[in-house]
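In what follows, a structure is listed as structure tokens, so that the remarks can point back to it.
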Amino acid sequence: MTNERDHDIQPLDQLMTEWGMSNHDLVEASPEQLNHKQVQKARKGRQLTLHTMQKVTRALNIAIWNALNKEQKEQYFEYLHHWLFNYAKGYQAGRVDPNDALKDRVKSR
């Protein structure tokens with residue numbers, strides 16, 4: 001039996017993997033009260049409130065921003081919550097990530 005609040009692995013999970021980010025990186029970077037359990041639920045697809053989706057999104061953007069150098073920060077395009085969660089209003093499957101080239105350069109360091 002599947003629960004209607006479980007949405008399977010989210011795009012957030014793939015993005016975090018591509019950027020080399022762990023759950024702890026997001027918790028550590030967040031200026032808000034974000035915990036490991038919230039990040040894990042977000043990655044695995046447990047339905048979150050809009051507030052929590054936005055909190056996780058802000059933490060991801062901050063964690064990535066902290067890993068970039070000055071030149072890369074100028075090229076970075078911040079993620080929005082409806083790009084990270086396939087159940088969020090406005091989600092578009094197959095959207096091209098504007099940070100693809102930047103991810104490759106950051107990973108190669």
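The values are calculated or read from the model by the stated rules, or taken from the named source; none is laboratory data. Everything quoted here is computed from the prediction, not taken from an experiment. Cβ placement follows ideal geometry from the backbone for every residue including glycine, while neighbour counts extend to all protein chains displayed.
List of remarks:
- When the range 46-67 is limited to residues that are of a type in the set (G, A, S) and in contact (Cβ under 8 Å) with a residue 40 or more places away in the chain, the one that is farthest from Q10 (Cα to Cα) turns out to be A67.
- For the range 9-39, taking the residues that are touching a residue at least 40 places away in the same chain (Cβ under 8 Å) and within 23 Å of Q92 (Cβ to Cβ), the one that is surrounded by the fewest Cβ atoms within 10 Å (Cβ to Cβ) is identified as E18.
- Test: residue in the range 68-80 that is buried (at least 16 other Cβ atoms within 10 Å of the Cβ), part of a loop (DSSP other than H, G, I, E, B) and touching a residue at least 60 places away in the same chain (Cβ under 8 Å): yes
- Flag if N86 is under 17 Å from D25 (Cβ atoms), touching a residue at least 12 places away in the same chain (Cβ under 8 Å) and of a type in the set (S, T, N, Q): no
- One residue stands out among those in the range 81-109 that are of a type in the set (A, V, I, L, M, F, W, C) and exposed (fewer than 12 other Cβ atoms within 10 Å of the Cβ): the one that is modelled with the highest pLDDT, which is V96.
- Answer residue from the range 65-88, given it is of a type in the set (D, E, K, R) and more than 16 Å from the chain's Cα centre (by Cα) and is nearest to D6 (Cα to Cα) among those: K73
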